[in-house]
Amino acid sequence: MSVPLLDVNAQNLPLAEELEAVFSRVLRSGRFIFGDELEAFEKECAAMLHVKHALSVSSGTDALLLALMGLGIGVGDEVLCPAFTFFATAGSIARLGAVPVFCDVHADSFNIDVADARKRITAKTKAIMPVHLFGQCVNMDDVKALAAEKNLLVIEDCAQAIGATFLGQQAGTMSDVGAFSFFPSKNLGGFGDGGLVSTNDDALAKRMIELRNHGMSPKYYHKVIGGNFRLDALQCALLRVKLPHYPSYLTRRNANAEFYLNELKNVAGITLPSVSENCGHTWNQFTLRVHDGKRDALHQYLTKNQIGSEIYYPVPLHQQECFSHLPKASCPVADQLASEVLSIPIYPELSDTQKTEVAEAIKNFFN
Ligand SMILES: *Cc1c(COP(=O)(O)O)cnc(C)c1O
């Protein structure tokens, strides 16, 4: 049996009838921008995240961009971010004329090394953007202490971590603003692009509401330059169908992780991902570190055995061509991880047979 890295149909098709009914409802309403579905979705997200304001936006990337714009980050401002993450983290900073300052990460959690970030602070540093990578929170106590001491704004990149917790608090609610993604491969996967920003700051929420719609307030009056970062009413309505199921998706991801952690614990040659202290992990990815230069061989072996796996991420951001004009940053742990990491199937609907097949294939490779 083949095991894909992700199977969106296994999650969505059991809801097909409900989703089709929702499409029909929105079609017949004739209301495709803003409206009741969007407002209801935002209310439900705010309740789930225990946050005052949840604003739907066009993608996770636009959520980051809108968050930075709302905080007034602009030309020449330096923003600390991890070197080991998806491109959009730094891309959104650079698109505003600000400068991403790449920080090294921890090998065990894959997350930003706050002590390393501290060393890169200059007079121009305005903000820090921790990324809760693969579904596990950064130690936000460390981030908040540094931010308070150095007077930095904090933007949480929660694209992979909706529902993750640190000391019982939800990702995206422990800082000025959180940014989420509903890209189909994220834990709450939509039907196309989508995202969300979260904040407890009323004034920031008001600015982001305006910026999301061309900085317009009232209609056809523009005091600031915004963009079109709106999420479709249809997308909101469809995501509302999946929202109540989210806790059960998380439970299953955690059970899958537990299975792998137990089955693979004696495999020499790999390091398994770990759960950090005080963290509720959401396992968007289950990422192995493969030692002794064998990562690519394992990747090929799994492919040959019809098991999906992927390298998140092969090139750390301080090594990307588009950032080659920036001062050379040294991030040795990020470099090492980029050569070692391999993510294996962890999606909620994996069957016991499939999980066993994945684990057995990895054991066989090292035998
Ligand atoms: C997916 C992702 C984004 C961007 O989200 P999109 O919805 O794809 O635009 C940003 N940051 C991280 C860490 C991500 O994984």
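Only the coordinates and a few stated rules stand behind these numbers; no lab work does. This structure is a prediction, so every number in the text was calculated from the model and none was measured. Here Cβ is always computed from backbone atoms with ideal geometry, including for glycine, and neighbour counts include all displayed protein chains.
For segment 1-63, what is the Kirkwood hydrodynamic radius in Å, using each pair of distinct C-alpha atoms? About 14.4 Å for segment 1-63.
Taking Cβ atoms as reference points and 15 Å as the exclusive limit, the residues near ALA159 contribute a net charge of -3, counting Lys and Arg as +1 and Asp and Glu as -1. Each 10 Å bin from zero holds the following percent of Cα-Cα pairs in segment 225-367: 10, 31, 28, 22, 8, 1. Taken over segment 77-166, the ratio of Cα radius of gyration to 2.2 N^0.38 Å equals 0.98. The residues neighbouring CYS236, those whose beta-carbon lies less than 9 Å from its own, together hold a net charge of -3 under the Lys/Arg +1, Asp/Glu -1 convention.
Provide, for q = 0.12, 0.13, 0.14, 0.15 Å⁻¹, the log10 of I(q)/I(0) from a solvent-free Debye sum over equal Cα point scatterers in segment 209-293. Taking Cα atoms of segment 209-293 as identical point scatterers yields -0.66, -0.70, -0.73, -0.76. Shown here are the Rg and Dmax of the Cα trace of segment 1-160, at 19.1, 57 Å. Between segment 63-96 and segment 101-150, the alpha-carbon centres lie 14 Å apart.
Panel note: the C-alpha atoms of the chain, placed on their principal axes, show extents of 68, 55, 36 Å (largest first). The local environment of MET69, defined by Cβ-Cβ distances under 11 Å, has a net charge of +1 under the rule Lys, Arg +1 and Asp, Glu -1.
Run the paramagnetic zone check for LEU272: 7 angstrom along Cα to Cβ, then residues of segment 303-343 with backbone nitrogen under 18 Å. Within reach of a label on LEU272: 341-343.
Between GLN169 and GLN300, the modelled labels are 4.7 nm apart [label points 7 Å from Cα along Cα→Cβ].
Relative protection proxy for 12-25, 241-254, 166-179, 340-353, from highest mean packing down: 166-179, 340-353, 241-254, 12-25 (other beta-carbon atoms within 10 angstrom). Working from Cα pairs under 8 Å separated by at least six residues, relative contact order for segment 163-252 is 19 percent. Across the chain, Cα pairs under 8 Å and at least six residues apart give a relative contact order of 23 percent.
Once both labels are modelled 7 Å past Cα along the beta-carbon direction, what's the PHE366-SER351 spacing in nm? Label at PHE366, label at SER351, 2.7 nm between them.
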